[in-house]
Amino acid sequence: CRDNTLYEQELINDLNTAIADKQLKMYLQPQMSANGTLLGAEALVRWKKSENSIVSPDVFIPLFERNGFILKLDMYIFEEACKVLANQISKGIKPVPISTNFSRIHMFNQNFAKNLAEIAGKYNIPPYLLEIEITESAFSANQKLLISLIEGLHGYGFSVSIDDFGSGYSSLNLIKEMKFDVIKIDQDFFRSNNEIERSKSVIQCIFYLAKEIGMRTV
């Protein structure tokens, strides 16, 4: 336990250096259609402290959620995504939308949507190329704040997705009240189990419902 505490403190002390030294790397995970067409990408973060030392997100993300550093990290990755898009546009490459994850802590910041719009504007990125991804666990918090947050993001032209749908807080009321553009279904729905046909039926119903209310699915 003492060793874990020391290790966590070391990570906290190293965060600013990690950003300055580009140790925090953004990787883009492609999102493909059924026929293999590239539709978009999700920005993922990995902490490469050295050639032989990579810190797992499972370790540093919960830590930075607790101490508030996640706010800086999220904005850093969002800006990195904007830089990639700006580089593609400058080279005449047709870009695809990039989605970036944001902690639920951001919803307590009334200027969150405005701050994102300012960063996108700095690189001349059309907001429709940037998808703001909110994990499903955020919906256990203040739903009125969350509705206001989504409306604010839409006001600036961003699309909004719900991540890990089906992992714990899902309900029909959730997608009725929250005007998401994209629903990302949790991977647990696609793992093999003893109820394959039942799982398939549930997934098909989610697809149908999402289509009926104008939501895309991932």
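The values are calculated or read from the model by the stated rules, or taken from the named source; none is laboratory data. Note that this is a predicted model, so its numbers are computed, not measured. Glycine gets a Cβ as well: all are built from the backbone with ideal geometry, and neighbour counts include every protein chain shown. Protein only, heavy atoms only, side chains kept; ligands, DNA and RNA dropped before computing areas. Shrake-Rupley method; radii C 1.70, N 1.55, O 1.52, S 1.80 Å.
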Which numbered condition trips up E79, out of (1) within 29 Å of V182 (Cβ to Cβ); (2) in a loop (DSSP other than H, G, I, E, B)? (2)
Quick one: in the stretch 83-108, which of the residues that are part of a loop (DSSP other than H, G, I, E, B) and without any contact (Cβ under 8 Å) to a residue 24 or more places away in the chain is most open to solvent (accessible area, probe 1.4 Å)? K94
Whichever residue in the stretch 30-66 is among the basic types (K, R) and farther than 25 Å from L129 by Cα and, among such residues, is surrounded by the fewest Cβ atoms within 10 Å (Cβ to Cβ): R66
Provide a single number: the residues in the stretch 149-195 that are out of contact with any helix residue (DSSP H, G or I) (no Cβ under 8 Å at 6 or more places or on another chain), open to solvent by 30 Å² or more (accessible area, probe 1.4 Å) and modelled with pLDDT of 85 or more. 3
Counted residues in the stretch 196-216 being aliphatic (A, V, I, L, M), surrounded by 12 or more Cβ atoms within 10 Å (Cβ to Cβ) and assigned to a helix (DSSP H, G or I) come to 5
Checking the structure you have, find out if any residue of the stretch 55-66 is closer than 22 Å to H154 by Cα, in a helix (DSSP H, G or I), aliphatic (A, V, I, L, M) and in contact (Cβ under 8 Å) with a residue 12 or more places away in the chain. no
On the basis of being assigned to a strand (DSSP E or B), over 15 Å from F158 (Cβ atoms) and of a type in the set (A, V, I, L, M), does L44 make the cut? yes
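From the list K114, K72, exactly one residue is part of a helix (DSSP H, G or I) and at pLDDT 95 or above. Which is it?
Values: K72 fails: at pLDDT 95 or above.
That would be K114, the only listed residue that is part of a helix (DSSP H, G or I) and at pLDDT 95 or above.
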If the Cβ limit is 9 Å and pairs must be 6+ apart or interchain, which residue in the stretch 156-167 that is within 18 Å of L209 (Cβ to Cβ) pairs with which residue that is modelled with pLDDT of 95 or more and surrounded by fewer than 21 Cβ atoms within 10 Å (Cβ to Cβ)? V160/H154
